[in-house]
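Some notes on the structure that comes next.
Quick note: the coordinates plus some simple rules give every number you see, no bench work behind them. Treat the numbers as computed from the prediction; the structure is a model and nothing was measured. Methodologically, a virtual Cβ is constructed for each residue, glycine included, from the backbone with ideal geometry; neighbour enumeration extends over all protein chains shown.
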């Protein structure tokens with residue numbers, strides 16, 4: 001690791017950015033430096049623009065990926081290298097808004113029946129049953145489950161808060177799951193420990209397992225934890241008065257609610 005990368009990592013840690021952000025920034029900055037075979041400290045705005053065109057024309061990356069690169073180099077130059085550049089000098093791509101896929105309840109049940117590994121089925125059911133992000137779900141520990149009060153305490157929320165999500169049936173099921181894998185293990189390593197030492201969660205295997213089409217059903221879209229999360233929000237809106245979910249649903253942020261697929265747009 002170069003001194004510049006080490007300094008950038010320290011700046012990320014000082015700002016308490018997530019591990020995912022850290023990996024993303026280092027990945028994009030490393031690719032940027034490798035492309036030019038120079039230290040980013042010797043490159044400038046024109047080089048960033050040319051590399052952005054390279055990512056669009058040659059690599060054919062998506063707008064989200066391009067904007068991820070721009071976020072990384074903006075942090076590198078304006079924070080780590082302390083360059084007097086404004087955000088407007090990092091021209092971001094417009095990302096087309098798309099309605100997220102929301103499964104029907106029958107499709108969700110059929111999907112879970114195809115998951116043979118208990119740990120993977122449990123963490124994906126947690127994403128659907130509570131509307132958690134995958135990083136929040138796999139970080140769950142036995143001490144975060146309050147089966148008496150029927151609550152789950154989220155300790156690694158993306159919004160840096162600790163929301164409490166009422167999931168009565170799910171809380172009981174998770175308590176049973178943790179008891180099955182061993183209470184001591186669930187307390188020290190979490191409910192969903194990684195298969196390899198040195199990792200903190202089984203996030204990647206669960207993502208790979210979820211990201212596949214449903215066998216034998218009409219839906220041909222790959223089911224990811226994010227799809228399960230949006231399905232949770234949609235089913236909640238369908239089954240309750242419109243105002244109640246907006247107060248309690250963890251998927252629907254107070255500042256900007258995500259797009260939720262209307263019932264009429266469900267796939268059969």
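Structure summary
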quantity	calculated
Label-point gap, in nm, between residue 7 and residue 42 - each point 7 angstrom along Cα→Cβ	1.5
Under 14 Å from the residue 34 label point (7 Å along Cα→beta-carbon), backbone N, segment 1-19	1-2
Once the Cα gyration tensor of segment 3-89 is diagonalised, semi-axes √(5λ) in Å	20, 15, 12
Whole-Å distance, taken between Cα centres, linking segment 56-122 and segment 1-32	17
